[in-house]
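Novice: The following block contains the structure, expressed as structure tokens.
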Amino acid sequence: MNPIRVGAWAGWVSLVMIFGYHLTLALVAGTRVSGTVERTAIEAFYANDSVAVLGVLGFATLVPFAAFVMGLYTALRTIDAARAVAGVALILAVVELPLLVTQLALQAGLVAAVNAGEPVVGMFRAWDALYNSGTYVAEAGWVLLFGLAMRGHDAFPRWMTPLSLLTAALLAINVTAIWVGIPDAATLPSAGFLGLWFAGASIGLGRAGREVD
């Protein structure tokens with residue numbers, strides 16, 4: 001089985017699942033809570049059991065995501081000048097996986113805590129710092145480095161490198177959002193650019209996979 005072609009399909013599947021998860025969460029639970037320690041706002045959002053249930057979709061998304069980044073590394077390591085950069089990008093993507101698992105588990109814990117009438121502010125702040133700050137460090141890193149590695153591979157669209165620089169910059173800004181008071185809505189453009197990045201990378205992997213075949 002060609003891991004590059006698998007990675008291409010996995011990229012599209014990841015894109016659909018990621019946006020499907022977030023859009024469904026917004027529809028059933030409303031606007032997410034971030035950058036606050038206001039107990040009533042936190043409890044209002046996490047009183048919805050669907051937040052925990054939808055975590056199952058979040059967990060499942062990690063499988064195609066892992067195949068996607070492995071496909072990227074497999075394609076890009078064939079370029080001598082890009083091998084080391086792609087390797088570091090893969091490491092950062094692997095680092096992000098347990099962070100995502102942890103934040104999904106914390107969300108389920110927040111739902112349980114609200115329903116049990118237990119304190120939630122401390123747990124929420126831990127989730128917020130992990131997901132809406134720390135995770136973006138790894139994400140910005142692998143987006144940037146994979147994008148730089150793509151410069152040496154003809155299968156990937158030429159616009160992927162500038163897109164990677166822009167997307168990584170927006171993700172890096174998101175790292176600071178909860179600490180300096182940037183409104184949560186202002187961090188949303190990075191999601192759109194990241195979606196475009198997934199699409200461009202998947203197109204490139206599809207081309208690279210056909211070249212290998």
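The values are calculated or read from the model by the stated rules, or taken from the named source; none is laboratory data. Fair warning: this is a prediction, and the values are worked out from it, not measured in the lab. In this analysis, Cβ positions are derived from the backbone assuming ideal geometry, glycine residues included, and neighbour counts consider all displayed protein chains.
Novice: Show the residue pairs meeting these rules: Cβ distance below 7 Å; 6+ apart or different chains; first residue within the range 90-109 and surrounded by 17 or more Cβ atoms within 10 Å (Cβ to Cβ); second residue among the charged types (D, E, K, R).
Specialist: Every condition considered, the pairs that remain are GLU96/GLU139.
Novice: From the set of residues in the range 51-82 that are among the hydrophobic types (A, V, I, L, M, F, W, C) and assigned to a loop (DSSP other than H, G, I, E, B), which is nearest to the chain's Cα centre (by Cα)?
Specialist: Looking at residues that are among the hydrophobic types (A, V, I, L, M, F, W, C) and assigned to a loop (DSSP other than H, G, I, E, B), I get LEU54.
Novice: Look through the range 1-30, keep the residues that are in contact (Cβ under 8 Å) with a residue 60 or more places away in the chain and surrounded by fewer than 17 Cβ atoms within 10 Å (Cβ to Cβ), and return whichever of them is farthest from the chain's Cα centre (by Cα).
Specialist: In this case the residue turns out to be ASN2.
Novice: Ok, one more. Mind checking whether some residue in the range 111-118 is β-branched (Val, Ile, Thr), more than 20 Å from the chain's Cα centre (by Cα) and crowded, with 19+ Cβ neighbours inside 10 Å?
Specialist: yes
Novice: Taking GLU211 as the residue in question, decide whether it is in a helix (DSSP H, G or I), acidic (Asp, Glu) and either closer than 17 Å to ALA8 by Cβ or at pLDDT below 95 (or both).
Specialist: Here the answer is yes, as GLU211 does meet what is asked.
Novice: Please enumerate the residues belonging to the range 27-50 that are among the hydrophobic types (A, V, I, L, M, F, W, C), in a helix (DSSP H, G or I) and more than 15 Å from ASP128 (Cα to Cα).
Specialist: LEU27, VAL28, ALA29, ALA44, listed by residue number.
Novice: Same structure, new question: Scan the range 31-42 residue by residue and report those that are of a type in the set (Val, Ile, Thr) and surrounded by fewer than 18 Cβ atoms within 10 Å (Cβ to Cβ).
Specialist: Answer for the range 31-42, where residues must be of a type in the set (Val, Ile, Thr) and surrounded by fewer than 18 Cβ atoms within 10 Å (Cβ to Cβ): THR31, THR36, VAL37, THR40.
Novice: Only one of these is of a type in the set (S, T, N, Q), crowded, with 17+ Cβ neighbours inside 10 Å and at pLDDT below 95: THR187, THR167. Name it.
Specialist: THR187
Every residue, every condition in (1) modelled with pLDDT of 95 or more; (2) aromatic (Phe, Trp, Tyr), yes or no:
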| position | (1), (2) |
| --- | --- |
| GLY20 | yes, no |
| ALA26 | no, no |
| VAL33 | no, no |
| VAL37 | no, no |
| TYR46 | yes, yes |
| VAL51 | yes, no |
| GLY58 | yes, no |
| THR61 | yes, no |
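Novice: Please determine whether any residue of the range 130-141 is within 17 Å of LEU76 (Cβ to Cβ), in a helix (DSSP H, G or I) and touching a residue at least 60 places away in the same chain (Cβ under 8 Å).
Specialist: No, the conditions are met nowhere in the range 130-141.
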